[in-house]
Amino acid sequence: MMKQIDNKLLISKIRSIVKTDEFIALHEPVFMGNEKKYVNECIDTGWVSSVGKFVNQFEEQLADFVGAKRAVAVVNGTAALHIGLKIAGVNVNDEVLIPSLTFIATANAVTYCGATPHFVDIEFKTLGIDPEQLDKYLSEISHLKDGSCINKNTGKRISAIVPMHTFGHPVDLDKLIEVTEKYNITIVEDAAESLGSYYKGKHTGNFGKVSAFSFNGNKVITTGGGGAIVTNDEKLADFAKHITTTAKIPHAWEFVHDDIGYNYRMPNINAALGCAQLEQLPLFLEQKRKLSEAYSIELENVSGIKFFTEPHNSKSNYWLNTIIIEEDYLAERDNLLKDLNDAGIMARPIWKLMHKLPMYMHCPSMKLDNSINLEKRVINIPSGAKLGGQS
């Protein structure tokens, strides 16, 4: 017999933490710094498009914060991941290992390269790719040929893997790196959700050949719409900057392009917003951690749910706070979602698994038991930085 969650108790606990009776968004941006000043400067000077001082400034400040050599600002996180995969060497007809439990952008970016998503399972302790399961799986379905990992079932090269740091919680990167080195597979980090997250003191986005960040309106900081390619390889960064600027050769008046390029550069007006947001990022992270700590304490005695906390050896940005429904209470998920939203507390389930979507259901896949299990159990609750300032 399935047990019931005390939805009213959970609602009252959340209200007591955020200290408001108003509607609570899942994650809304906070603008309380130099946003208007910098954006107005763009408008006043006319530099609102992809050329202007704030683009370079944003790239430099972001690279400095993450601790990487270079950042290349683009229009969104999906574009960043697309170009990241391309410059990392993913070719047409390759396979790219990605979690099925991820946002659609991860799979779409692989497809933009003409490659095929190959779905792998996650582990409960990180919500990210499970390196031990992956190692066992690759030992069964692949072999090395001329330095490349080849899928014995399809004959295709498995060229890359995209660990996605779910809700800002870092993947077990040490073990994952061991596996990828064993099979000669390139890591391209999907760090879209993990700005301000660290694994063993090192910021996410520094463990692969290249990484992608997102600054959508619901992220820790926002540029309205935006993303960035981050790498410690200067040549890759130069190439990324070139092809995201339509591969145009710099010239005073000629229009000459030497490669298939993309009109992906971040506009200056968006970068201006981002610069102001980066100035406040330490405060945002502090407030978000304060909120997560309050949730962890207050929700401990609510039967049927468990608040997800950062993995061992990691410091998470807690982009989206997460509760996981216990197995005996699974029948209550939809009722809980309805009651939370009816009470003005925005709550959302996790994404539908990628391998269940019509365009990806025929892609190669390992057994996805953990992903299937968690898809039914994960709920995100309000997580904005402003809420941490009230708790």
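Numbers for the structure displayed
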quantity: Dipole magnitude of the chain, debye to nearest 20 (Cβ charges: Lys/Arg +1, Asp/Glu -1, about Cα centre); calculated: 180
quantity: Efficiency of FRET between Gln4 and Lys36 - r from beta-carbon atoms, R0 51 angstrom, step 0.05; calculated: 0.60
quantity: Reciprocal mean inverse distance between Cα atoms of the chain - Kirkwood radius, Å; calculated: 21.7
quantity: Whole-Hz couplings from phi, Karplus 6.51/-1.76/1.60, listed for the range 132-144; x for Gly and Pro; calculated: 5, 4, 4, 4, 4, 5, 5, 5, 8, 10, 9, 8, 8
quantity: Potential lengthening between Arg333 and Lys69 on full extension [0.36 nm per residue; Cα-Cα distance subtracted]; calculated: 90.6 nm
quantity: Table column - 3J(HN,Hα) (Hz), the range 74-79, Karplus curve with 6.51, -1.76, 1.60, x for Gly and Pro; calculated: 9, 6, 6, x, 5, 4
quantity: Share antiparallel - DSSP beta bridges, the range 35-279, percent rounded to 5; calculated: 60
quantity: Relative packing of peptides 131-143, 99-111, 157-169, 374-386 - highest average C-beta neighbours within 10 Å first; calculated: 157-169, 99-111, 374-386, 131-143
quantity: Highest average packing first - 15-28, 71-84, Cβ atoms within 10 Å; calculated: 71-84, 15-28
quantity: The range 65-135 - Rg over Rh from alpha carbon coordinates, Kirkwood radius; calculated: 1.01
quantity: Extension gain, Lys202 back to Glu300 (0.36 nm per residue minus Cα-Cα distance, nm); calculated: 32.3 nm
quantity: Efficiency of FRET from Cβ geometry, Lys352 and Ser16, R₀ 41 Å, rounded to 0.05; calculated: 0.80
quantity: Estimated inter-spin distance, Asn184 and Ile141, nm [label 7 Å along Cα→Cβ]; calculated: 2.0
quantity: Calculated from backbone phi, Karplus (6.51, -1.76, 1.60) coupling profile of the range 57-62 in Hz, x at Gly/Pro; calculated: 4, 5, 4, 5, 5, 5
quantity: C-alpha center-to-center spacing [the range 268-290, the range 77-93] in angstrom; calculated: 27
quantity: Residue pairs, from the table Lys69/Lys136; Lys182/Lys235; Lys145/Lys182; Lys8/Lys219; Lys182/Lys315; Lys37/Lys290, whose Cα atoms sit over 23 Å apart; calculated: Lys69/Lys136; Lys182/Lys235; Lys8/Lys219; Lys182/Lys315; Lys37/Lys290
quantity: Distant-in-sequence amide H partners of His118 (H built 1.01 Å from N, under 5 Å); calculated: Val96, Leu97, Ile98
quantity: Peptides ranked, highest mean first, by Cβ atoms within 10 Å: ranges 261-270, 329-338, 274-283; calculated: 261-270, 274-283, 329-338
quantity: Span from the the range 169-210 Cα centroid across to the the range 6-57 one, whole angstrom; calculated: 28
quantity: Calculated FRET value between His251 and Glu60, using beta carbons and R₀ = 25 Å, to 0.05; calculated: 0.50
quantity: Residue-averaged [θ]222 nm for the chain, counting only DSSP H segments that reach four residues, each worth -39500 (n - 2.57); calculated: -11000 deg cm²/dmol
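Quick note: the coordinates plus some simple rules give every number you see, no bench work behind them. Given the structure is predicted, the values throughout are model-derived calculations rather than measurements. Quick reminder, even Gly has a Cβ in these numbers, built from the backbone with ideal geometry, and neighbours come from all protein chains shown.
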